[in-house]
Structures are given as C-alpha cells and as structure tokens.
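Worksheet: one structure, shown below.
Laboratory data are not the source of any read-out in this text; all were calculated from the coordinates shown. Computed from a prediction, not measured in an experiment: that's the story for all the values here. Cβ: placed from backbone, ideal geometry, glycine included. Neighbour counts: every protein chain shown.
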Amino acid sequence: MPCVLVLQRDRDGNPIHVVRGIPKGHSEPAVVVTAYRPDPEQWRDGFMRRRE
C-alpha cells in the first residue's frame, strides 16, 4: 500500500503526524494507517524533517 506522512494540527494547533495509504490497485478510499503526536526532540523545521 503506497503511503504518505501528512502533518496536521489539532484544534489547539499542536502537530499530529498521520500516515495515510490507498490500497494497491485502487484509487480510493484513503485509509489511516497510524496517527501520532511527533516528539519535538526528534523533529525540526516545524515537524517536517527528522533531526539527524
């Protein structure tokens, strides 16, 4: 299943990473694989890039 990591924000503006995918051979529906609150110690650039 091809997946994409999407940065979203909750109603308070806090970041949430959501992994979405579309089953192979289909064009819809997109399904949520997982969602989590990213650790600020592991991410930089507004939670768009992992720290090295």
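What number of residues within the stretch 1-11 are part of a loop (DSSP other than H, G, I, E, B) and β-branched (V, I, T)?
The total comes to 0.
Search the stretch 1-24 for residues that are more than 20 Å from R44 (Cβ to Cβ) and pair each with any residue that is among the polar types (S, T, N, Q) and surrounded by 10 or more Cβ atoms within 10 Å (Cβ to Cβ) when their beta-carbon atoms are under 9 Å apart and the residues are at least 6 apart or on different chains.
none
I'd like to verify a number: residues in the stretch 12-52 that are outside any strand (DSSP E or B) and within 16 Å of M1 (Cβ to Cβ), how many?
Qualifying residue count, the stretch 12-52: 9.
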